[in-house]
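One structure is given below, encoded as C-alpha cells.
The values are calculated or read from the model by the stated rules, or taken from the named source; none is laboratory data. Small disclaimer: the values here were computed from a predicted structure and weren't measured. Here Cβ is always computed from backbone atoms with ideal geometry, including for glycine, and neighbour counts include all displayed protein chains.
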Amino acid sequence: MFLLYLHNENIFLPFLKQKYVSRIIWSEAGELEVMEALQDGCDSEVLDVLSDQDQLDEALGALCNEGKIVWSLTDRNNVRIEADVQRRELARLTEEQSSYWKGQALLFVSRLVQSGEYLPKRYI
C-alpha cells in the first residue's frame, strides 16, 4: 500500500530492493545509538517482503499480473502505478489506513535518502 504514496510515474526498483538501513540517532542520554527500522515504526510485513528478494519478486509479479503496476518500457529498473489504479486503490482506504500508509512511505523514503545508496543523480 505504501507504494501508492510514492511518486506516481516511476518507482525506482533498487529503492525497493535495498534493505531498510539502520539510522544513527542521538539518545536521550546524548550518546549515539543505532535505531533499527522496526524500532522506528516501519511496518513489519513490509520489512519482511523488502528484506527477502524472493518475496519481493513474488509481490511485484503478483501486482503486475493484477494490472496494479506496469514495467517501464524504457528502463527495467522502474515500475509505475497507473493513475486510475492509484485513484481507485486510494479511494478504498479509510482515513486511518491512508494516514498509516502515508507515514510508512515517508519512513521508507527518509531511510533511503539518509543512506544515500542507490540514489541516481536525477533523484538528488
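Residues in region 88-96: is at least one of a type in the set (S, T, Y) and at pLDDT 85 or above? The answer is yes, given that some residue of region 88-96 is of a type in the set (S, T, Y) and at pLDDT 85 or above.
Restricted to region 1-101, the set of strands (runs of 3 or more DSSP E) holding at least 2 residues that are touching a residue at least 40 places away in the same chain (Cβ under 8 Å) comprises 78-80. Among the numbered conditions (1) surrounded by 14 or more Cβ atoms within 10 Å (Cβ to Cβ); (2) within 16 Å of the chain's Cα centre (by Cα); (3) within 21 Å of F15 (Cα to Cα), tell me where E58 comes up short. In the conditions (1) surrounded by 14 or more Cβ atoms within 10 Å (Cβ to Cβ); (2) within 16 Å of the chain's Cα centre (by Cα); (3) within 21 Å of F15 (Cα to Cα), E58 misses (1) alone.
Let's see how each residue does on (1) closer than 13 Å to L4 by Cβ; (2) at pLDDT 90 or above; (3) within 16 Å of the chain's Cα centre (by Cα):
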| site | (1), (2), (3) |
| --- | --- |
| C42 | no, no, yes |
| G67 | no, no, no |
| W71 | no, no, no |
| T74 | no, no, no |
| Q86 | yes, no, yes |
| R111 | no, no, yes |
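Note on region 97-109: residues that are modelled with pLDDT under 85 and either hydroxyl-bearing (S, T, Y) or over 15 Å from the mean Cα position of the chain (by Cα) (or both) amount to 0.
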